[in-house]
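The values are calculated or read from the model by the stated rules, or taken from the named source; none is laboratory data. What you see is a predicted model, and the numbers here were worked out from it, not measured in a lab. Cβ sites come from the backbone with ideal geometry, for glycine too, and all protein chains shown count toward neighbours.
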C-alpha cells in the first residue's frame with residue numbers, strides 16, 4: 001500500500017467530521033520527534049531503542065543461519081524490516097499493558113525483554129526454550145513480561161486479545177491489550193467478531209495491523225478490497241488511523257494516543273502500520289516469485305527503520321560511529337552466544353510430552369473434571 005496518512009487524521013467513531021485519512025497525504029517533513037511522547041526522551045532511552053532494533057535484526061539473521069544449517073525445524077517467520085513497529089510500540093507500554101501477537105513474534109518477544117538464549121533455544125526445540133522446546137518459532141511466551149504469544153492460527157489471537165482487555169476492564173485495571181496482526185488476518189471472521197464486541201462492550205484493546213504488503217505470497221491489492229485496511233473499524237464505531245512503520249517516533253506517537261484512549265476511556269482502536277518484510281512469509285517461501293529484488297532494495301535503501309533511526313540519532317548528536325559499531329558488535333555477539341547456548345542445551349525428555357498442556361493434568365490433586373483428557377491416555 002503506497003498511501004500514507006497524517007497521524008492526526010483519524011476517522012472518529014462518534015460521528016465527528018474530521019478529515020478522512022484517504023484525503024490527506026503525509027508530508028515528508030512531518031517530524032514526529034516533536035510529538036509529546038518523544039520530545040522529552042533522554043539520550044539513553046533513544047540509544048536503548050536503537051540497540052533493541054539492532055538486537056532483533058541480528059537475532060533474526062543468526063536464526064536464519066541456524067535454519068539453513070539444519071538446527072531449526074518447522075517454520076521460521078522472520079521480522080527483518082519491521083523492527084521499529086515492535087520496539088516503538090512496546091516502548092510506550094505501562095506495567096498494566098499486555099501484548100499478544102501472531103506467529104511472526106520474535107521481534108515483539110525481544111522488545112518486551114525476553115532473552116536471546118531462551119528464544120533461540122525455543123527455535124532449536126530445546127528444553128531451555130521459553131516454551132520448553134514445544135512451541136518453536138510461532139509460540140514464544142513470557143507471562144512474567146505480559147507477553148502472551150505467539151499464535152499460529154491466522155487471526156486466532158484477535159479474540160484472545162479481546163478477552164485480555166475484558167479481564168483488564170473487569171478487574172478495574174487501567175491497562176490495555178496491544179493485539180498485533182498481519183494484513184492477511186484482517187479477512188478472518190474472528191477479527192470482525194472481536195471488533196463488534198470490543199466496541200459494544202467498550203474494551204481497552206488496540207488492534208495493530210502490521211501491513212507488510214503481503215498475505216503470504218499475495219499482495220494486498222489482490223487479497224483485500226477497500227483501502228486502507230484500518231477503515232474496517234469504522235463499521236463498528238471504532239477509531240482508526242494509518243501510520244508509517246519505518247519511523248520509530250511515529251509508531252510511538254500513534255501507539256501512545258491509542259493507549260491513552262484505551263486507559264482513560266476504555267475504547268478500542270484499530271491502527272494500521274505500514275511496514276515491509278525483507279524475507280519471505282517464512283524462510284521456506286520463494287518470495288522472489290511474487291515480488292522483485294528491486295522492490296526489496298528500494299525499501300532497504302530508503303525506508304530501513306534501523307538505518308533511518310541511526311541517521312536521526314547521528315544528526316541529533318546522540319550517537320557516534322564508534323558507538324554504533326560497538327552496539328552492533330554486542331548484538332552480533334549476543335546472537336552468536338545464543339546459538340551456542342541453544343546447541344548445547346538438552347532436548348525435552350519424551351516423558352514430558354504431555355506436560356504443560358492441560359492445567360488439571362499438571363495439578364491432579366485439584367482435578368475436578370472427569371473422563372479422558374488425552375487421546376488413548378489415562379491422564
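So which of 357, 350 ends up being without any contact (Cβ under 8 Å) to a residue 24 or more places away in the chain, surrounded by 12 or more Cβ atoms within 10 Å (Cβ to Cβ) and out of contact with any helix residue (DSSP H, G or I) (no Cβ under 9 Å at 6 or more places or on another chain)?
Numbers: 350 fails: surrounded by 12 or more Cβ atoms within 10 Å (Cβ to Cβ).
Result: 357 is the single residue among 357, 350 that is without any contact (Cβ under 8 Å) to a residue 24 or more places away in the chain, surrounded by 12 or more Cβ atoms within 10 Å (Cβ to Cβ) and out of contact with any helix residue (DSSP H, G or I) (no Cβ under 9 Å at 6 or more places or on another chain).
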Sole miss for residue 118 among (1) under 27 Å from residue 256 (Cβ atoms); (2) part of a helix (DSSP H, G or I) is condition (1)
Okay, helices (runs of 4 or more DSSP H) sitting entirely in the range 249-368 with 1 or more residues that are farther than 29 Å from residue 30 by Cβ, I get 293-303, 321-344, 359-362
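Determine whether the range 212-226 contains at least one residue that is surrounded by 22 or more Cβ atoms within 10 Å (Cβ to Cβ), in the same structural domain as residue 91 (by TED's automatic domain parsing) and either under 27 Å from residue 143 (Cβ atoms) or in contact with a helix residue (DSSP H, G or I) (Cβ under 6 Å, 6 or more places away or on another chain) (or both). Explain how you work it out, then say what you get.
Of all residues in the range 212-226, those surrounded by 22 or more Cβ atoms within 10 Å (Cβ to Cβ) come to 212, 214.
From what's left, in the same structural domain as residue 91 (by TED's automatic domain parsing): 212, 214.
Remaining after also requiring either under 27 Å from residue 143 (Cβ atoms) or in contact with a helix residue (DSSP H, G or I) (Cβ under 6 Å, 6 or more places away or on another chain) (or both): none.
There is no residue in the range 212-226 that is surrounded by 22 or more Cβ atoms within 10 Å (Cβ to Cβ), in the same structural domain as residue 91 (by TED's automatic domain parsing) and either under 27 Å from residue 143 (Cβ atoms) or in contact with a helix residue (DSSP H, G or I) (Cβ under 6 Å, 6 or more places away or on another chain) (or both).
Based on this model, can you work out whether residue 86 counts as crowded, with 22+ Cβ neighbours inside 10 Å and either part of a loop (DSSP other than H, G, I, E, B) or in contact with a strand residue (DSSP E or B) (Cβ under 9 Å, 6 or more places away or on another chain) (or both)? Outline the logic, then answer.
On the way: crowded, with 22+ Cβ neighbours inside 10 Å: yes; either part of a loop (DSSP other than H, G, I, E, B) or in contact with a strand residue (DSSP E or B) (Cβ under 9 Å, 6 or more places away or on another chain) (or both): yes.
Here the answer is yes, as residue 86 does meet what is asked.
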- prompt: Is the range 324-345 home to any residue that is over 26 Å from residue 248 (Cβ atoms), out of contact with any strand residue (DSSP E or B) (no Cβ under 8 Å at 6 or more places or on another chain), exposed (fewer than 13 other Cβ atoms within 10 Å of the Cβ) and at pLDDT 95 or above?
  reply: yes
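Here is a yes/no grid of residues against (1) in the same structural domain as residue 86 (by TED's automatic domain parsing); (2) in contact (Cβ under 8 Å) with a residue 60 or more places away in the chain; (3) exposed (fewer than 11 other Cβ atoms within 10 Å of the Cβ):
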{"residue": "266", "(1), (2), (3)": "yes, yes, no"}
{"residue": "270", "(1), (2), (3)": "yes, yes, no"}
{"residue": "273", "(1), (2), (3)": "yes, yes, no"}
{"residue": "283", "(1), (2), (3)": "yes, yes, no"}
{"residue": "289", "(1), (2), (3)": "yes, yes, yes"}
{"residue": "292", "(1), (2), (3)": "yes, no, yes"}
{"residue": "309", "(1), (2), (3)": "yes, yes, no"}
Residue 246 fails exactly one of (1) surrounded by fewer than 24 Cβ atoms within 10 Å (Cβ to Cβ); (2) touching a helix residue (DSSP H, G or I) at 6+ places or on another chain (Cβ under 6 Å); (3) over 17 Å from residue 270 (Cβ atoms), namely (1)
request  = Inspect the range 200-214 for any residue being over 16 Å from the mean Cα position of the chain (by Cα), part of a loop (DSSP other than H, G, I, E, B) and farther than 22 Å from residue 93 by Cα and give the result as yes or no.
outcome  = yes
